[in-house]
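> Here it is: the structure, laid out below.
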Amino acid sequence: MLVTHTDGFKRFDSAAALCSYCGTTPVIRKSGSSVNGQSRISKMGNQKLRNLLFLCSFTASIHNRACRDIYNRIVNKGKSKKLALIAVSNKLLKQSFAIAQSGIPYDENYKSVLIMA
């Protein structure tokens, strides 16, 4: 479903644009010094994709090592589990975008060149 809604990831130049399209990016509600609302996800994107990603994040937080690390790190900070699952959804989107753009199959032990520098 993700591939069909994004035309094989060709509609987006970056993973951030893809996350924005799905509506999983955080929006900070702030106006001057008087309004300091909680940040929430934008929900401006595709609702079907967002719901599907959220459901997939349950399994990914158990079986995908990178997603499990993000989930545990956020929960250990005392944040809600729902917030951690939304972060896992973003990670899944970024992983799928990177795999589609590079053409390299998924490797659980892959280390980015940017991280190693």
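The values are calculated or read from the model by the stated rules, or taken from the named source; none is laboratory data. Fair warning: this is a prediction, and the values are worked out from it, not measured in the lab. Cβ coordinates were reconstructed from backbone atoms using ideal geometry, including for glycine residues, and neighbour counts include every protein chain displayed.
> Of a type in the set (Ser, Thr, Tyr) and assigned to a loop (DSSP other than H, G, I, E, B): which single residue out of 59, 24 fits that description?
On the way: 59 fails: assigned to a loop (DSSP other than H, G, I, E, B).
Selected residue: 24, the only one of 59, 24 that is of a type in the set (Ser, Thr, Tyr) and assigned to a loop (DSSP other than H, G, I, E, B).
> Regarding residue 67, is this residue at pLDDT below 90, surrounded by 11 or more Cβ atoms within 10 Å (Cβ to Cβ), out of contact with any Asp or Glu (no Cβ under 8 Å at 6 or more places or on another chain) and in a helix (DSSP H, G or I)?
no
> Select from region 74-117 the residues that are in contact with a Cys (Cβ under 8 Å, 6 or more places away or on another chain) and hydrophobic (A, V, I, L, M, F, W, C) and write down the one among them that is surrounded by the fewest Cβ atoms within 10 Å (Cβ to Cβ).
Per the stated criteria, the residue is 92.
> Those residues that are of a type in the set (Gly, Ala, Ser), under 16 Å from residue 15 (Cβ atoms) and touching a helix residue (DSSP H, G or I) at 6+ places or on another chain (Cβ under 9 Å), I need them from region 65-111; list them, please.
66, 87, 89, 96, 98, 100
> Give 20, 39 a once-over and let me know the one that is modelled with pLDDT under 85 and out of contact with any helix residue (DSSP H, G or I) (no Cβ under 8 Å at 6 or more places or on another chain).
Working: 20 fails: modelled with pLDDT under 85.
None of the others qualify; the one that does is 39.
> Please go through (1) under 20 Å from residue 3 (Cα atoms); (2) at pLDDT 90 or above for residue 85 and return the number of the only condition it doesn't satisfy.
(1)
> Any idea which of 14, 57 is modelled with pLDDT of 80 or more and buried (at least 18 other Cβ atoms within 10 Å of the Cβ)? Walk me through how you get there before you give the answer.
Values: 14 fails: buried (at least 18 other Cβ atoms within 10 Å of the Cβ).
So the residue among 14, 57 that is modelled with pLDDT of 80 or more and buried (at least 18 other Cβ atoms within 10 Å of the Cβ) is 57.
> For region 1-31, enumerate the residues that are touching a residue at least 40 places away in the same chain (Cβ under 8 Å) and under 11 Å from the mean Cα position of the chain (by Cα).
Once the filter is applied, which keeps residues that are touching a residue at least 40 places away in the same chain (Cβ under 8 Å) and under 11 Å from the mean Cα position of the chain (by Cα), region 1-31 yields 15, 18, 19, 22, 24, 25.
> Just wondering, is there one or more residues in region 74-81 that are touching a residue at least 60 places away in the same chain (Cβ under 8 Å), in a loop (DSSP other than H, G, I, E, B) and at positive phi? So that I can check it myself, show each step before the final result.
Taking region 74-81 and keeping what is touching a residue at least 60 places away in the same chain (Cβ under 8 Å), we get none.
Within region 74-81 (the criterion being touching a residue at least 60 places away in the same chain (Cβ under 8 Å), in a loop (DSSP other than H, G, I, E, B) and at positive phi), the answer is no, since none of the residues qualifies.
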